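Everything below concerns the one structure shown next.
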Amino acid sequence: MSLVAAKVSADVLYDMMEIVEAQTWVKGYLDEFSDLWNICDHRSEQVFLKELIKEFVILDSAKERKAYKDLDANITAWSLRPETTWIVAACNDKEIDGSVAAMQKLKNKLTPYDDWHVRMLPSIPSGANSIRNGDFVVLFDDFIGSGGKLIAKAKWLTKLLSQKGVEDFTLFYMSVAGMRFGCDRIADETGCEVFTAVSLDRAISDKYEPEVADEYKRLMLGLEQKLHENYKKKKIEDYSFGFSKSEALYCVENDNCPNNVFPVFWWARLKSGDRFRTLLRRAG
């Protein structure tokens, strides 16, 4: 055991103070912060990561409360009533995912909740068994990334309903949080109304001028090269800049990190094969 004290630069201390001032939750992840800073070869990478972390949207209890109030308000704005509306989680029949967890929180948030909670269905197949001609359907998820998942789930639901002779229904899309470009894609490709309570821009492409964005993308690619090519049967190239290059900076407090987030924050294995203690965690 070495008796020599490790030296910490003033820059790193200032980074930590600045980050904690903006994101108090980071105080609980000092070891993970240390690992993240230690994979950086250049000061410019640390400065870049600092700016990203400061922009993270962490859905804590206060933000979550507001988000669900906004979902309730939008259901009212769409003039939807529980007697004629089904809210369907964008979930397969044999899994529990984020849409089901978010629906559990939603069921006592829509007013009147005694009427609405019995109109919430936990999966696409359960929706297909309940929806009838003339109904309104809200396809619900916890997070919209590229929009591709919800579009595919809607096609599956439509196919199942068609097999049962149900062709006349009105579809809406709703999520707790979502990427603006993904929500726009759903609206453009389906012609349906889309609402997300927490709308997010891409952290680099939508925020910075092209020259700065190109430099930040170069820095991120360099950081991603420090990560292992494969992790849990996934390839890092498929998650570069987040799934579908979403560039997301979002997570629900104490919850599973979306794969749309930059992998440097959740990909838990380094190129060397060593375990990487990450600021966020993702299972699955």
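Here are some notes:
- Selection from GLY273, CYS192, VAL261 lying farthest towards where the dipole of the stretch 146-284 points positive, charges on Cβ: GLY273
- Gyration tensor verdict on the stretch 187-284 (Cα atoms; rounded if a/c is under 1.5, prolate if a/b is larger than b/c, oblate otherwise): oblate
- Angle in degrees between helix 180-190 and the longest Cα principal axis of the chain, rounded to the nearest 10: 30 degrees
- Using the rule -39500 (n - 2.57) for each DSSP H run of four or more residues, divided by the residues of the chain, the 222 nm mean residue ellipticity is -12000 deg cm²/dmol.
- Counted charge near GLU45, where neighbours are those whose Cβ lies closer than 14 Å (Asp, Glu -1; Lys, Arg +1): -2
- Degrees between helix 210-224 axis and first principal axis of the chain (Cα, 0 to 90, nearest 10): 80 degrees
- The chain: angle of helix 61-77 to the longest principal axis, Cα-based, in degrees nearest 10: 30 degrees
- Column: log10 I(q)/I(0), Debye, Cα scatterers of the stretch 61-200, q = 0.12, 0.15, 0.19 Å⁻¹: -0.41, -0.66, -1.12
- Highest mean first, the peptides 230-240, 192-202, 57-67, 175-185 sorted by other C-beta atoms within 10 Å per residue fall in the order 175-185, 192-202, 57-67, 230-240.
- At R0 = 35 Å, FRET efficiency that the Cβ-Cβ distance of ASP41 and ASP97 yields, to 0.05: 0.40
- Global size of the chain: 21.1, 76 Å for Rg and Dmax (C-alpha atoms, Rg to one decimal, Dmax whole).
- Summary of the geometry: the stretch 67-94 and the stretch 150-221, compared by the centres of their Cα atoms, lie 17 Å apart.
- Virtual spin-label span in nm between GLU189 and LYS155, 7 Å along Cα→Cβ: 0.7 nm
- Among beta bridges that DSSP assigns inside the chain, antiparallel share in %, nearest 5: 15 percent
- Averaged over residues, the count of other Cβ atoms within 10 Å places the peptides 72-79, 204-211 in the sequence 72-79, 204-211, highest first.
Bear in mind that the values in this text are calculations on the coordinates, not laboratory data. Just so you know, these numbers come straight off a predicted model, no measurement behind them. Cβ atoms come from the backbone with ideal geometry, glycine included; neighbour counts cover every protein chain shown.
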